[in-house]
Structures are given as structure tokens and as C-alpha cells.
1. In nm, to one decimal, how far is the modelled label at residue 342 from the one at residue 489, with both set 7 Å along Cα→Cβ?
2. Per-residue counts of other Cβ atoms within 10 Å, averaged by peptide: what ranking do you get for 64-74, 228-238, 21-31, highest first?
3. Give me the extension gain from residue 103 to residue 366: residue separation times 0.36 nm, minus the current Cα-Cα distance, reported in nm with one decimal.
4. List the residues whose amide H sits under 5 Å from the amide H of residue 272, counting only those 5 or more places along or on another chain, with H placed 1.01 Å from N in the peptide plane.
5. Per q in 0.13, 0.14 Å⁻¹, report the Debye log10 I(q)/I(0) for segment 85-213, using one uniform scatterer on each alpha carbon and no solvent.
6. For the chain, give me the percentage of DSSP beta bridges that are antiparallel, rounded to the nearest 5 percent.
7. If all Cα-Cα distances of the chain are sorted into 10 Å bins from 0 onward, what percent lands in each bin, rounded to whole numbers?
8. On a 0 to 90 degree scale, rounded to 10, what angle separates helix 119-133 from the longest Cα axis of the chain?
Amino acid sequence: MVKKIVIMGGGLGGMASALRLRSKGYEVTVVERCHALGGRAQVYHHDGYQHDAGPTVITAPHLFESLWTLFDQQMSDDVTMHALSPWYQFIFKDGSSFDYGGEVEDTLAAIKAFNPDDVNGYLNLLKESKKLYDVGFTKLADQPFHQFKFLIKQVPSMLKLGCHRSVWQWVCQHLKDDRLRRAFSIQPLLVGGNPMNTTCIYGLIHYLERAHGIHFPKGGMGGLIKGLTNLMHRVGIETITNATVTKLNIRNHHISSIVVNEHTNIRGDYFVSNLDPLHLYRSLIPRKNQNRAVRLKTKHTHISMGLFVIYFGTKIKYPNVKHHTILFGETYEQLLNDIFSKLKLNKDISIYLHRPTATDPSLAPHGHDGFYALVPVPNLLSNIDWSQTGEELKKHTLQILEQRLLPELSKHLTHCFYKTPNDFKDDYLSEYGAGFSIAPRFTQSAWFRFHNKAEGLDNLFLCGAGTHPGAGLPGVLSSAKIVTKLVEESDLVDA
Ligand SMILES: Cc1cc2nc3c(=O)[nH]c(=O)nc-3n(C[C@H](O)[C@H](O)[C@H](O)COP(=O)(O)OP(=O)(O)OC[C@H]3O[C@@H](n4cnc5c(N)ncnc54)[C@H](O)[C@@H]3O)c2cc1C
């Protein structure tokens, strides 16, 4: 008899797990709390504008393509990907800017023009990043890490790569220019970590970008989510939206069914959680079904930072603004320390500005631009009152953008709304309103992260940002591969 798998949460980890498990012949149902699939990649429509709510940078498009090839279908029939150039423009407080992307030669020429002393250092950084990538991404990202002995086997290669160093320490060993050090150390922020204490294994992101480029789908991330949702429906995956899992029915360490919206039972043979693991273990799994390691993890975890995101449109175009711009403030180390350790909001902010209409003008009315501005902020462990601070930070951020990048913005603004860490908590049940679940520290990576196979329950598996290998699209898509492997192994044992 065909076994049924219920996936709780329809983020990209849940969607990819659904497709992978469906391709193995299982009957699959996805249950999602929001009105549409995609998780943090929701889409907001406003008067002819389409704003992607979350991820915007696609670094490993082959991981998406492989979801179509599982069914002998072509991603290009549903989604068109554009390769971007440059990948990012970094703008510093002294007015200088640095375009990053293209071929290695382009980056070397840009570094030479910026600070020739760092050309050789960059080549060494790239060489080391490849080594980190070969181990951290190619070899380990899609391997289950729930067994301690597997971790022990990896220790020598981790030590050889110097993974005890932070990304910041690693970058500083290679580059001298403070601005370039900032530009090449921001990668942990893309997955919720502080570059000052995130293990340099995440330096692999640098080579990941180099190896596969940076891409953006036609129709924005919303276009990609639509394509994936269509594929899921074509191959017979059932999706239920506006449905929050409120209880797990557990007997003898086995889940028999879940309760949705407090009244509907959905039965299954195996269950996959794409929820924030902290929410899963704190609110849905009784303590008696948790082992000591899980209890410790849920109690002593470092949470990623929060995000403040402003979505807005302008009735003119700003053709000189690139698709991805990072606008650095004056301070870096102190700003990161305030966000991650002191849980304090700093006036001197750094901003990531997304201008998707640079690549796909159809995302705004003709002659207009659509934007989002993202500001890393403390998570809800701080005592910031977002009902008041939200409006202040919105004004402050728009002012900075007007002064440094978007002249006369206030005159051309068509609309503007924002999302605070409170919204991340309410919309996605993300504990402490975290942007990226738990932080990617060395002590919260691999075996130390929430395992892809739940302890204490024999038919529950975990995918998504809070589990191994971690947040970001390549991470959550890789977690779907792991979950599929683990479900199949369990099924063989159960048969
Ligand atoms: C603003 C922003 C920008 C980002 N930019 C990038 C980027 O450019 N590139 C990149 O690679 N990564 C980026 N990321 C990170 C990336 O988006 C995430 O790591 C990834 O999308 C997380 O996917 P996920 O599958 O873990 O879960 P999520 O997207 O968090 O989905 C989990 C789903 O579970 C649902 N859920 C929760 N509780 C329940 C419940 N009880 N019942 C039913 N459903 C429930 C939630 O509603 C949610 O839809 C960004 C993140 C944010 C927030």
C-alpha cells in the first residue's frame, strides 16, 4: 500500500521535500499556515506592484532545476532564470563603491582599482573558499548529521580547514582594506549569523556564488514559487493552505495524525516538519517525547537576528541603482555587536536594497520602480517596542536612502509598508521573530543543529532553516534531500 507523508509547513524546505518524496512514490500532503506556499518567500501585491517578501538572491539554481528533473520535466517550461551582473554593488559611507560579480578577472580588476594591495589576498581567499565549499557544500550539505560518530569522522577535515575561525577573522587574514573586509564578510548575514562569530565554513558561500553565479527568476521569487506550486499540483501533491498545525497526536513515540486549525485530523505514516524547530519542540511535542539533547538545544540556543523590511514603489525609475545594493553605515563591528549581543537598535544602520525592476520591469507599473529595503535588527529577545519603533525606523531608513542613493525619494514614493520581527513571529510562528531560525554558529552547526530525524519520535523528520545544513535557499533545499533519504531508510526498516 502507498504510504502517506504529511509535510507541516510549505516553505521552500517543505515544498522541495514534498517533491522529492512524491518522486519516490509516496502520497504527499502539505499543510501551510499562510494563504500561499513559499514560507518566507511570500508575495505582496499592491496597485500593480509585486513585492517579494523574503529571499531575492538565488545562488544555486541547479538545486531548483533538479526538482523538475525528478519528474523528467524542465524548469524552463515553468520558470525563466536570469543571471545577474554585477551580483552586488557595495556602497561605503565615504562615498566609494565596489561592484562585485562577473568573472574572477572582473573582480580582480575592481579590487585593483579599489586597493591593489588586496589582489593576491583575494586570490588566496577564493582558493580557501573553494576548499570550504568542497567539504561544506559538495561533501556534507546533503548528508544526515544526526549520528555523533559521523560528526567525529569530519573533525580532522574541519580542523584542517580552520573552521574554529570566524568568517571575519578568516577574511581579515586575507584582505587589508577595511571596506573590502566588510564586503567579503557579509555572507553569514544572509543566513542569520554575525560574521564576527559565525564559523568560516560559511565562507563557502563566496565560492558558491563564484561557481554558480547569482540569479533572479522572471516574475520575481513569486514566479519561482508559482512554478514550483504548479509542478507540485501536476505531480499530484495535495496542498492545504490557511491551515495551522495545532497538535500532534502521539502514542508510543509515534505520530498517528496531526490536528489542523484545532479541529481537523490529518492522518499519515510519516511526518516532515518544515516549522521553526524551536516552535515544534516547544509548542507541539510534549517534553516526555524529547531527549535531553533536544531539551538543551531548545533552552540554550542562539537565535538569528531579526529583520525590518520596507516595501515601496516610486513613480520614476532609478536606472543607476543596481538589482542588489548593500549600503554600509559608518560602523560595522559595533553595529553587529549591537544587533546580535546588546540587542540594541543603532542609529547608524546598514541597508540591503533590492530593486527587482532592474531585472524584471513587469514587477511594477510602466515607468515605475519597486523596491525593498532590509535592515538587520535585534530579534524579539530585545525590549524594542515595534509598534512605535517601526514607524521611526521606516522614516530613518527612507531618509538615508534619499540622501545616499534615491534622490527626491519622498516626492516620488507611491506606497510603503513594512514588516517587523513581530510580523515574522505572527506570520510564520518564528520564535523571537527571528529572520532565519537559529544562528549558524559552530556550536549550532552539523550535529549540534536540530537533527533532520527527530529524537524521541520514530516517524518525524525535520527540514528547513533550523535544521542541518541551515538557512538560505541552498541549505533548505539540501535539507529536503536529507529528509528524503532518511524517510526511505525508515520505510525500509519498517517494511
Ligand atoms: C527578508 C529575507 C530575505 C532573505 N534573503 C535570502 C536570499 O536572498 N537568499 C537566500 O538563499 N536566502 C534568503 N533568506 C533566507 C531564506 O529565505 C530562508 O532560509 C528559507 O526561505 C527558509 O525556508 P524554510 O523552508 O526553512 O521555511 P520557511 O520559509 O520559514 O517556511 C516555513 C513555513 O511553515 C509555516 N508554519 C509555521 N508554523 C506552522 C504551523 N504550526 N502549521 C502550519 N504551517 C506552519 C510558516 O507559515 C512558513 O510558511 C531570506 C530570508 C528573509 C526573511
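1. My value for the distance between the label points is 4.6 nm.
2. Working: 64-74: 15.2, 228-238: 16.7, 21-31: 20.0.
Highest-to-lowest ranking by the protection proxy: 21-31, 228-238, 64-74.
3. Numbers: separation 263, 0.36 × 263 = 94.68 nm, distance 3.25 nm.
Value of the extension gain: 91.4 nm.
4. For residue 272, the qualifying residues are 6, 7, 8, 461.
5. Result of the Debye calculation: -0.54, -0.62.
6. Bridges in the chain are about 70 percent antiparallel.
7. Binned Cα distances yield the sequence 4, 20, 31, 28, 14, 3, 0.
8. Roughly 10 degrees, rounded to the nearest 10.
Only the coordinates and a few stated rules stand behind these numbers; no lab work does. Because the structure is a prediction, the values reported are computed rather than measured. Glycine gets a Cβ as well: all are built from the backbone with ideal geometry, and neighbour counts include every protein chain shown.
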